[in-house]
Amino acid sequence: MNCQECNQRPAAVHFTKIVNGEKTEVHLCEKCAQEKGEMFMFSGESGFSFNNLLAGLLNIDPSFHKQEQNPFQQEEILQCPHCSMTFPQFLKIGRFGCAHCYETFQDQLKPVLRRLHGGNWTHSGKIPKRIGGGISLRKKIDELKSALRESVIQEEFEEAASIRDEIRELERKLTASQQEGGK
Amino acid sequence: MSLERFLNKAVSSWMSQEGPDSDIVLSSRIRLARNFDNYSFPTVFSHEEAKQVIHDIEGVLKKSPFQKFGQMELLKIDEMQPLQKRVLVEKHLISPHLSDDAPHGAVLLSENEEVSIMINEEDHIRIQCLFPGLQLKEALSTANEIDDWLENAVHFAFDEKLGYLTSCPTNVGTGLRASLMMHLPGLVMTQQINRIIPAINQLGFVVRGIYGEGSEALGNIFQISNQITLGKSEEDICRDLMGVVSQIISQERSAREALRKSSNIQLEDRVFRSLGVLTHSRIIESKEAARCLSDVRLGIDMGYIHNMSKTILNELMILTQPGFLQQYAGGPLRPYERDIRRAALIRERIQMETEKR
């Protein structure tokens, strides 16, 4: 048998690839096998293994959640309204179609993200400047709101009133910054 | 073309310059993945959207160019020759995926090639900064500057909970991949590497031989990078990686010292045999070349070989790959012809070192 690549030298390296149950046999001579090897070795950021593993990881998922879902929903196939990617499609290629997919598939995604990222599922890094202000304002407002509840329980009404004013002020800022960001 | 001129054109700064700890860390790389919020991801996007992405980037370049690195050059994948693309892949400036499977791809390169921005690869934007030696922080701050520059002009897909949204959920959050390329002959020779790799994996980092398949690392060169992108800040990811890497550096240094103590003459012999092979061979395969280059580099770092620049390993590992050999030869070469060319190029390059003295 001659090498598939060069058709000149006899094939010396034989291997069988099985990808998604599809079997391919490859016969190469030593030279070409080495060249192929060289090709593999430059596959720098090889998403290969990772994405394949990912699909496996995601495939396990539905079985865990079957009981939680209501049977009615199960029959519907989730589809992203923006890029029309379906969840089965995502499982197959391991990549999303657009930014909105994250929202569409959020319920399925959460446990997966946790597994991929060492238990984490909330971002704690860089925030784009244009929305940065909004996020920190919202966090501050949430903090103040719980302080307000606390002071009401403690019947410290004067302090509660000043916290309330502060919240109103921040909420005004927030709406202003959102309008600016939306332009 | 003379080899010297070819080198001047072919070698990027991370290959020819030395950085901190560059006896062990060859290069530091930061990659940030970003996407526009108004176009579909490259997985499914249309012709028009792809063009629009490039158009938008061109717009930013025209309106407010990024000055720090001089002129940035935009190269479109469909306008490049196969060999030209391959050379960029071999220099790690673009990914094989961008070169082969991204018909709408493009790359924005800085003059010194420290910065390359891939467009329409797996994500709309991938900012890459590649620095010599251990300079992860510097690479991160440069990548951040570029990110800020783009962000001033365009809207990136960002979710308050999930961070930067990426095509693949393995990159969501910071979109950051920090990686260090390390030369670890001491740990390989003393067989400690087999113990160290699983330990590193447990800490959430990935170790791969960047040349060579599977566990075998050609030229004893390994790449260590983070796996987790969500829930940790960019600085924490880099700090944790640096922590692991400084451990590896000190282990590698003590392995080298242990080898010098236990088998000095054997090591010296090995180094000079390899130098002999590189200086005199007429036909050399990439595997053998990588092994000998690693030995010679170790010989330089440990003081057995004098008057030879350290960067010879970085340079020749890149330049003896098929794409470069063919570019130097000025046309396609068959594998056997490449082995001859490779031997000639290595001999000439080493000759240049002796002439410098």
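Reported count of residues in segment B:103-117, each being open to solvent by 10 Å² or more (accessible area, probe 1.4 Å) and either within 14 Å of chain A (Cβ to nearest Cβ) or under 18 Å from B:Ile57 (Cα atoms) (or both), is 4. Being more than 23 Å from B:Gly209 (Cα to Cα) and in contact with a helix residue (DSSP H, G or I) (Cβ under 7 Å, 6 or more places away or on another chain) is the filter here, so list the residues in segment B:240-266 that pass it. Result: B:Arg260, single match. So which residues in segment B:279-300 are in contact (Cβ under 8 Å) with a residue 60 or more places away in the chain, more than 13 Å from every other protein chain (Cβ to nearest Cβ) and under 30 Å from B:Ile94 (Cα atoms), if there are any at all? Across segment B:279-300, the qualifying residues are B:Arg291, B:Leu293, B:Ser294, B:Asp295, B:Arg297, B:Leu298.
Within the option set A:Leu78, A:Leu109, being at pLDDT below 90, among the aliphatic types (A, V, I, L, M) and more than 20 Å from B:Ala33 (Cα to Cα) holds for one residue only, A:Leu78.
Of the residues in segment B:175-183, at least one is in contact with a helix residue (DSSP H, G or I) (Cβ under 9 Å, 6 or more places away or on another chain), within 8 Å of another protein chain (Cβ to nearest Cβ) and surrounded by 22 or more Cβ atoms within 10 Å (Cβ to Cβ).
Going through segment B:162-189 one residue at a time, which ones are among the aliphatic types (A, V, I, L, M) and within 13 Å of A:His117 (Cβ to Cβ)? The answer is B:Leu162, B:Val172, B:Leu176.
The one condition from (1) at pLDDT below 95; (2) in contact with a Phe, Trp or Tyr (Cβ under 7 Å, 6 or more places away or on another chain) that B:Met308 does not meet is (2). In the set B:Glu151, B:Glu160, only one residue is within 12 Å of another protein chain (Cβ to nearest Cβ) and open to solvent by 40 Å² or more (accessible area, probe 1.4 Å); that residue is B:Glu160. Of all the listed residues (B:Arg29, B:Arg86), the sole one being of a type in the set (D, E, K, R) and modelled with pLDDT of 90 or more is B:Arg29.
Among the residues of segment A:91-127, the ones that are among the hydrophobic types (A, V, I, L, M, F, W, C), open to solvent by less than 20 Å² (accessible area, probe 1.4 Å) and in contact (Cβ under 8 Å) with a residue 40 or more places away in the chain come to 1 in all.
Table: residues versus (1) among the aromatic types (Phe, Trp, Tyr); (2) open to solvent by less than 20 Å² (accessible area, probe 1.4 Å); (3) at positive phi; (4) within 13 Å of another protein chain (Cβ to nearest Cβ).
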{"site": "B:Ala199", "(1), (2), (3), (4)": "no, no, no, no"}
{"site": "B:Ile237", "(1), (2), (3), (4)": "no, yes, no, yes"}
{"site": "B:Met242", "(1), (2), (3), (4)": "no, no, no, no"}
{"site": "B:Ala255", "(1), (2), (3), (4)": "no, yes, no, no"}
{"site": "B:Gly276", "(1), (2), (3), (4)": "no, no, no, no"}
{"site": "B:His306", "(1), (2), (3), (4)": "no, no, no, no"}
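Only one residue in A:Arg164, A:Arg130 is within 8 Å of chain B (Cβ to nearest Cβ) and either modelled with pLDDT of 90 or more or surrounded by fewer than 18 Cβ atoms within 10 Å (Cβ to Cβ) (or both), so which one is that?
Answer to the check: A:Arg130.
Of B:Arg282, B:Arg297, B:Arg260, B:Arg239, all but one fail to be out of contact with any Asp or Glu (no Cβ under 8 Å at 6 or more places or on another chain) and not in a helix (DSSP H, G or I); the exception is B:Arg282.
Could you go through segment B:210-220 and let me know if any residue there is without any contact (Cβ under 8 Å) to a residue 40 or more places away in the chain, in a loop (DSSP other than H, G, I, E, B), within 11 Å of another protein chain (Cβ to nearest Cβ) and charged (D, E, K, R). Yes; the residues of segment B:210-220 include at least one that is without any contact (Cβ under 8 Å) to a residue 40 or more places away in the chain, in a loop (DSSP other than H, G, I, E, B), within 11 Å of another protein chain (Cβ to nearest Cβ) and charged (D, E, K, R). Inspection of segment B:166-180 identifies at least one residue that is on the phi > 0 side of the Ramachandran plot and of a type in the set (Gly, Ala, Ser). The set of residues from segment A:170-179 being surrounded by 12 or more Cβ atoms within 10 Å (Cβ to Cβ) and at pLDDT 80 or above comprises A:Leu170, A:Glu171.
Within segment B:40-67, the residues that satisfy the criterion of being farther than 16 Å from B:Met118 by Cβ, within 13 Å of another protein chain (Cβ to nearest Cβ) and not polar (S, T, N, Q) are B:Val44, B:Glu49. Say whether the condition of being hydroxyl-bearing (Ser, Thr, Tyr), assigned to a loop (DSSP other than H, G, I, E, B) and either touching a helix residue (DSSP H, G or I) at 6+ places or on another chain (Cβ under 7 Å) or within 26 Å of B:Asp240 (Cα to Cα) (or both) is met by at least one residue in segment B:107-115. Looking for residues that are hydroxyl-bearing (Ser, Thr, Tyr), assigned to a loop (DSSP other than H, G, I, E, B) and either touching a helix residue (DSSP H, G or I) at 6+ places or on another chain (Cβ under 7 Å) or within 26 Å of B:Asp240 (Cα to Cα) (or both), one finds none in segment B:107-115, hence no.
Please enumerate the residues belonging to segment B:53-91 that are assigned to a strand (DSSP E or B) and surrounded by fewer than 18 Cβ atoms within 10 Å (Cβ to Cβ). Passing the criteria: B:Glu73, B:Leu74, B:Lys76. Residues in segment B:328-345: is at least one under 23 Å from B:Leu187 (Cα atoms) and assigned to a helix (DSSP H, G or I)? Checked segment B:328-345: no residue is under 23 Å from B:Leu187 (Cα atoms) and assigned to a helix (DSSP H, G or I).
Please work out if B:Glu348 is assigned to a helix (DSSP H, G or I) and without any contact (Cβ under 8 Å) to a residue 12 or more places away in the chain. Steps first, please.
Working: assigned to a helix (DSSP H, G or I): yes; without any contact (Cβ under 8 Å) to a residue 12 or more places away in the chain: no.
Judged against the criteria, B:Glu348 is not a match.
Residue count for segment B:20-52 under the criterion of being open to solvent by 60 Å² or more (accessible area, probe 1.4 Å) and not in a loop (DSSP other than H, G, I, E, B): the result is 4. Among the residues making up segment A:139-172, those that are among the small types (Gly, Ala, Ser) and either in contact (Cβ under 8 Å) with a residue 40 or more places away in the chain or farther than 25 Å from B:Glu160 by Cα (or both) are A:Ser151, A:Ala160, A:Ala161, A:Ser162.
The values are calculated or read from the model by the stated rules, or taken from the named source; none is laboratory data. All values reported here derive from a predicted model rather than from experimental measurement. Positions of Cβ are generated from backbone atoms using ideal geometry, with glycine treated the same way; all protein chains shown enter the neighbour counts. Ligands, DNA and RNA are excluded from the accessible area calculation, which covers all protein heavy atoms including side chains. Shrake-Rupley method; radii C 1.70, N 1.55, O 1.52, S 1.80 Å.
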